[in-house]
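Remarks on the structure that follows.
No value in this document is a laboratory result; all are computed from the given coordinates. All of these numbers come straight from a predicted model, not from anything done at the bench. So basically every Cβ, Gly included, is an ideal-geometry build from the backbone, and we count neighbours across all protein chains shown.
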Amino acid sequence: MSNATEIANQLEEIIADRLRVDRDAFDETTEFEDEPLDAESLDMVELAEAIEAEVGVHIPDDDLAEIETVGDLRTYVTARV
């Protein structure tokens with residue numbers, strides 16, 4: 001398994017856990033603000049904190065505001081590991 005695949009799996013686990021959804025309920029095109037994720041700004045901050053703790057990538061608030069989809073988040077984090 002490649003590092004990018006491991007990171008993607010780790011991110012999916014974090015998203016599923018923090019937003020209380022099944023991993024099968026979303027993919028890289030799923031927007032955080034839409035169903036099934038329905039993430040509000042506080043949810044996004046909690047996701048960023050979990051990612052920093054578990055993956056070691058800090059996401060500044062300005063960057064976090066620009067992340068719209070699961071794929072955006074995956075690309076952002078993978079580029080910074």
| field | In sequence order, calculated HN-Hα J values of segment 15-24 (Karplus, 6.51, -1.76, 1.60; Hz; x Gly/Pro) | value | 4, 4, 5, 6, 9, 6, 10, 6, 4, 6
| query | So for the pair ARG80, GLU66, with labels modelled 7 Å out along Cα→Cβ, what separation do we get in nm? | reply | 1.1 nm
| Net length gained if the chain between GLU40 and VAL57 were fully extended (0.36 nm per residue, minus Cα distance) | 4.1 nm
| remark: Once Lys and Arg are counted +1 and Asp and Glu -1 for all other residues with Cβ under 12 Å from that of GLU13, the total becomes -3
| Please state the Cα pair-distance histogram of segment 3-80 with 5 angstrom bins from zero: what percent is in each bin? | 3, 17, 33, 30, 15, 2
| note | Cβ density ranking, 10 Å radius, fewest first, applied to GLU35, GLU28 yields GLU35, GLU28
| request: Let me have the 222 nm mean residue ellipticity of the chain computed from DSSP H runs of 4+ only, each contributing -39500 (n - 2.57), with the sum over all residues rounded to the nearest 500. | output: -19000 deg cm²/dmol
| query | What distance in nm separates the simple spin-label points at GLU13 and GLU33, each placed 7 Å from Cα in the Cβ direction? | reply | 3.1 nm
